[in-house]
Amino acid sequence: MIKVSESEVKYAVNEYLETIKAMGKLWFCRLNAGDFIEERGGSRRRIKGAGKGTADFIVIQGGEVQMFHAIQKSIHAIHPISFVTFIECKSSIGKESPEQKEFEELVTKLNCRYAIVRSVDDVIGVLNRE
């Protein structure tokens, strides 16, 4: 097995998502957990990031769903929907922290998709499922 670091996976996933975003097929944002200190012009300020355990990326994709009318036994209407997917990047041997497991449970209860990925191929598979 080839060992890949988490930072290498994040970089590759970000590059892939940037390409697909440029094609107009999705929107995504890199989510940074924790607090950060920014130094500018001799002053410092604290920037609050996402909460502990938050996934590395959020991806929003458009789609549509066909509603089936049971009595008429035909397609009643097509409705636009959105797919929200949270992506957690891991190294080839990385595991979820307890906070990440809590975050996964929360977002899946809210009908969002959640995936742990270790490669761009994993991301492609996650984003192509419906």
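What follows draws every value from the coordinates through simple rules; no lab data is involved. Since this is a predicted model, take the numbers as computed values, not measurements. All Cβ positions, glycine included, derive from the backbone under ideal geometry; neighbour counts span all protein chains shown.
Observations, loosely collected:
- The chain: relative contact order as a whole-number percent, Cα under 8 Å and 6+ apart: 26 percent
- Among the listed options (i) 62, 39, 31; (ii) 69, 42, 33; (iii) 40, 32, 26, the one matching Cα extents along the principal axes in Å as calculated from these coordinates is (ii).
- Exposed-site-free run, longest, the chain (rule: trypsin sites (Lys or Arg not before Pro); DSSP loop; at most 14 other C-beta within 10 Å): 96-128
- Contact order relative to length of region 1-67, as percent, for alpha carbon pairs under 8 angstrom and 6 or more apart: 30 percent
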